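The values are calculated or read from the model by the stated rules, or taken from the named source; none is laboratory data. Note that the structure is a prediction, hence the values are computed from the model and not measured. Here the Cβ positions follow ideal geometry from the backbone for every residue, glycine too, while neighbour counts run over all protein chains shown.
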Amino acid sequence: MSKHLITGALALCLAAPVVLAAGHVRADDKQPELTDDVGPVKAFRIGARAYLSGDFRYALKALEHAAKAGHAMAMWKLGKMYAEGDGVAEDDQRAFDYFRQIANAHADDNPHSQFASVYSNAFVQLGNYYKAGIPGSQEVPQNYGEAARMYMHAATYFGDADAQYELARMYLEGNGVPRDAAQSVRWLYSAAKKGHVASQALLGDMLISGVDVHPRPVEGLKWLLIAKDHAGPSDRDWVLSLHFKAMQATSSEQQLEATSAASAWTESSD
């Protein structure tokens, strides 16, 4: 899962075990039998409770029961479990297969639906796999073009900020798409306005450095200030490094103007 932005049903999926804590089930409790009349929604809830209790074997069974009936959140959770080795042996091919099932079934679903963030994140996960490739897999070798296609669909159809960031990087580096700094900036702006910290920081750095784009130091520092104030632990070091570099490259007048602009943006977005 992308660490930058989680919305809608995707946040619910991550929080499901906590939300269901009131129905906490100990690993040694007798679990309900997963008969054919147990629907996918109920099976997903049972799986989430079992996951919370640490009964990963039963959680896996219940989530698979829901996934076989087409429950997208169950498929997504199984994909993440296999991708991260969370309660199961790590298996990137299985993770890929679950994300692909979601993408194949929901590529054209309403981008504003309750589960749109789950669908779009499946495309992002597929893009990540194609970008890196699965070692030893003939089915999923490194394929920048296919990665760009996955990101493009999530970025354009679902408006996914993580996909927009990844697509911006591909345009910046010329991987899978022609190198195009202007397109990179366009996608970074789109994601930055959604609160995507990595996009804010990279956009700010590009606008300050002026490499391949028209330099706009005040605008660039504005975005770096916003990113610095919202960066999580995994982003903080590199964002602070870019911020430090930006402060050395801008005047005190530019810094005052950027600080005011950053404050105004933060207030308007709250």
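Candidates are the residues of the range 114-134 that are assigned to a loop (DSSP other than H, G, I, E, B) and in contact (Cβ under 8 Å) with a residue 40 or more places away in the chain; the one that is surrounded by the fewest Cβ atoms within 10 Å (Cβ to Cβ) is 114.
Taken over the range 135-148, the criterion of being surrounded by fewer than 18 Cβ atoms within 10 Å (Cβ to Cβ) and either within 15 Å of the chain's Cα centre (by Cα) or not in a loop (DSSP other than H, G, I, E, B) (or both) is satisfied by 144, 145, 146.
Can we say residue 201 is within 22 Å of residue 151 (Cβ to Cβ), assigned to a helix (DSSP H, G or I) and more than 22 Å from the chain's Cα centre (by Cα)? Criteria not met by residue 201. Each residue in the range 222-270 was checked for being outside any helix (DSSP H, G or I), within 19 Å of residue 210 (Cα to Cα) and out of contact with any helix residue (DSSP H, G or I) (no Cβ under 8 Å at 6 or more places or on another chain), and 1 pass.
Restricting attention to the range 199-216, the residues that are crowded, with 24+ Cβ neighbours inside 10 Å, small (Gly, Ala, Ser) and under 19 Å from residue 174 (Cβ atoms) total 1.
Just one of the listed residues (261, 227, 231, 249) is touching a Pro at 6+ places or on another chain (Cβ under 9 Å) and modelled with pLDDT of 95 or more, namely 249. Residue count for the range 204-218, restricted to those that are in a loop (DSSP other than H, G, I, E, B) and either within 15 Å of the chain's Cα centre (by Cα) or not acidic (Asp, Glu) (or both): 6. When 263, 252, 234, 241 are checked against the criterion of being in contact (Cβ under 8 Å) with a residue 60 or more places away in the chain and of a type in the set (Gly, Ala, Ser), a single residue qualifies: 234. Being under 15 Å from the mean Cα position of the chain (by Cα) and either part of a loop (DSSP other than H, G, I, E, B) or surrounded by 24 or more Cβ atoms within 10 Å (Cβ to Cβ) (or both) is a description that applies to residue 166. Among the helices (runs of 4 or more DSSP H) confined to the range 38-102, the ones with at least 3 residues that are touching a helix residue (DSSP H, G or I) at 6+ places or on another chain (Cβ under 9 Å), touching a residue at least 60 places away in the same chain (Cβ under 8 Å) and closer than 27 Å to residue 141 by Cα are located at 72-84.
Out of contact with any Cys (no Cβ under 8 Å at 6 or more places or on another chain), among the aromatic types (Phe, Trp, Tyr), closer than 18 Å to residue 165 by Cβ and buried (at least 22 other Cβ atoms within 10 Å of the Cβ): does that describe residue 223? Answer is yes for this residue.
Scanning the range 169-198 for residues that are under 22 Å from residue 232 (Cβ atoms), of a type outside the set (D, E, K, R) and part of a loop (DSSP other than H, G, I, E, B) returns 195, 196.
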